[in-house]
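Asker: I'd like to ask you about the structure that follows.
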Amino acid sequence: MYQRIRYFLKAAETGSFSLAAQSMFISAQALTKQINLLEKELGGKLFERTPHGVALTAFGRYAQEKLQRIDQEFESTWEDLLEFARNGKEQIRIGIFAALPREQLVSPLVSFLLAAYPERQFNLEMIELDEGRRKVLEGKLDILLTNMHEEDRLDGFTCLAFAEHDARVIVSLTHPWVMKETVTEEDLKKESFIKMQMDNDHYTVPWEKSFYRNVPCKKVLEAKNFETMLVLLQQAAGFAVFPMAFMNMANARVKSFDFPGRTLKFYTALVVKEESAKGRLKDLIRDLTEEFELTPVRR
């Protein structure tokens with residue numbers, strides 16, 4: 001129910017189901033379905049179609065006013081819920097890639113877990129990409145919320161996607177390419193490629209054949225984390241290649257282009273050991289899959 005309220009409020013804010021769905025990391029069809037369910041539960045029509053998108057009905061405007069209060073009150077209980085998850089309960093260790101959008105993805109998921117499972121204690125850790133991978137492989141995390149791509153090796157793990165995205169070529173608005181509509185392979189060959197450091201043995205293909213090993217460029221600049229990569233981008237030190245599904249990327253001063261040639265499919269995903277997904281976390285994974293309409297990552 002709460003997630004449907006958030007979908008409704010985002011659609012009311014944007015005036016567009018497609019924009020709301022994109023910002024909430026679900027498909028437009030899924031968002032429409034959830035809003036239809038909300039209308040059925042409330043017994044009234046919330047939106048009407050317009051040439052420019054959707055507009056609130058009189059009932060929709062009334063619902064927006066009331067449901068915004070619920071949303072604000074729910075968020076205000078965050079610290080109380082964290083405190084309520086006290087010692088003596090079953091410990092669930094969750095690692096969260098620090099660059100994932102907080103409001104649209106991380107907060108709704110954690111809020112759902114805390115509300116749905118008060119008998120369990122959730123220990124949350126904001127984490128860098130490579131560190132999260134290492135810790136989940138070493139068994140130091142029960143669940144990892146992260147961005148992964150189709151060449152990632154995670155044998156023995158269940159990977160469920162919130163959304164999928166193509167890798168994009170990213171530059172800052174101070175970069176000379178900002179005047180271009182497209183970039184070519186020849187453009188990439190003349191510029192530095194900024195990428196995050198990552199172990200070379202985690203790919204499902206040999207490193208020499210992997211996507212990131214074969215991005216054409218003049219030279220490679222490695223960043224220790226996502227924030228450092230953004231700094232290098234803002235300094236116009238080169239280009240990066242990643243999806244736009246990162247925290248604040250919609251407001252970042254960057255421009256993105258289609259990658260010339262074969263692209264790489266990324267997934268905003270939940271990763272958990274198969275034995276846990278079928279064992280002690282079975283109910284939790286089932287409920288998350290239903291609540292957020294998760295789908296298995298295509299391997």
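Asker: How about the stretch 78-102: which of its residues are surrounded by 14 or more Cβ atoms within 10 Å (Cβ to Cβ) and either over 18 Å from Leu284 (Cβ atoms) or modelled with pLDDT of 85 or more (or both)? Steps first, answer last, please.
Answerer: Start the filter on the stretch 78-102 by keeping residues that are surrounded by 14 or more Cβ atoms within 10 Å (Cβ to Cβ), which leaves 81-82, 85, 89, 92-102.
Passing the criteria: Ile92, Arg93, Ile94, Gly95, Ile96, Phe97, Ala98, Ala99, Leu100, Pro101, Arg102.
Asker: Outside the structural domain of Met179 (by TED's automatic domain parsing) and touching a strand residue (DSSP E or B) at 6+ places or on another chain (Cβ under 8 Å), is that true of Leu284? Lay out the reasoning, then the answer.
Answerer: Values: outside the structural domain of Met179 (by TED's automatic domain parsing): yes; touching a strand residue (DSSP E or B) at 6+ places or on another chain (Cβ under 8 Å): yes.
Criteria met by Leu284.
Asker: Looking at this structure, is Phe246 surrounded by 17 or more Cβ atoms within 10 Å (Cβ to Cβ) and part of a loop (DSSP other than H, G, I, E, B)?
Answerer: Numbers: surrounded by 17 or more Cβ atoms within 10 Å (Cβ to Cβ): yes; part of a loop (DSSP other than H, G, I, E, B): yes.
Answer is yes for this residue.
Asker: Can we say Val178 is touching a Lys or Arg at 6+ places or on another chain (Cβ under 6 Å), of a type outside the set (S, T, N, Q) and surrounded by 13 or more Cβ atoms within 10 Å (Cβ to Cβ)?
Answerer: Numbers: touching a Lys or Arg at 6+ places or on another chain (Cβ under 6 Å): yes; of a type outside the set (S, T, N, Q): yes; surrounded by 13 or more Cβ atoms within 10 Å (Cβ to Cβ): yes.
Yes: the conditions hold for Val178.
Asker: Now, a different point. In the stretch 184-198, which residue that is part of a loop (DSSP other than H, G, I, E, B) and under 26 Å from the mean Cα position of the chain (by Cα) is farthest from Phe226 (Cα to Cα)? Steps first, answer last, please.
Answerer: Let us first name the residues in the stretch 184-198 that are part of a loop (DSSP other than H, G, I, E, B), namely 184, 190-191, 197-198.
Retained after the next criterion (residues that are under 26 Å from the mean Cα position of the chain (by Cα)): 197-198.
Values: Gln197: 10, Met198: 12 Å.
The qualifying residue farthest from Phe226 (Cα to Cα) is Met198.
Asker: Restricting attention to the stretch 204-225, and to residues there that are more than 15 Å from Val169 (Cα to Cα) and under 21 Å from the mean Cα position of the chain (by Cα), which single residue is surrounded by the fewest Cβ atoms within 10 Å (Cβ to Cβ)?
Answerer: Lys224
Asker: Separate question: Does Glu293 qualify as being touching a helix residue (DSSP H, G or I) at 6+ places or on another chain (Cβ under 6 Å), at pLDDT below 95 and not hydrophobic (A, V, I, L, M, F, W, C)? Don't jump to the end; show me each part of the working.
Answerer: On the way: touching a helix residue (DSSP H, G or I) at 6+ places or on another chain (Cβ under 6 Å): yes; at pLDDT below 95: yes; not hydrophobic (A, V, I, L, M, F, W, C): yes.
It is true that Glu293 is touching a helix residue (DSSP H, G or I) at 6+ places or on another chain (Cβ under 6 Å), at pLDDT below 95 and not hydrophobic (A, V, I, L, M, F, W, C).
Asker: Report yes if some residue within the stretch 270-290 is in contact with a Phe, Trp or Tyr (Cβ under 7 Å, 6 or more places away or on another chain), surrounded by fewer than 18 Cβ atoms within 10 Å (Cβ to Cβ) and under 24 Å from Asp130 (Cα atoms); otherwise report no.
Answerer: yes
Asker: Okay, moving on. When you go through (1) more than 28 Å from Arg298 (Cα to Cα); (2) free of Cβ contacts under 8 Å to residues at least 24 places away in the same chain; (3) charged (D, E, K, R) one by one for Glu191, which number turns out not to apply?
Answerer: (2)
The values are calculated or read from the model by the stated rules, or taken from the named source; none is laboratory data. These figures come from a predicted structure and were not determined experimentally. Methodologically, a virtual Cβ is constructed for each residue, glycine included, from the backbone with ideal geometry; neighbour enumeration extends over all protein chains shown.
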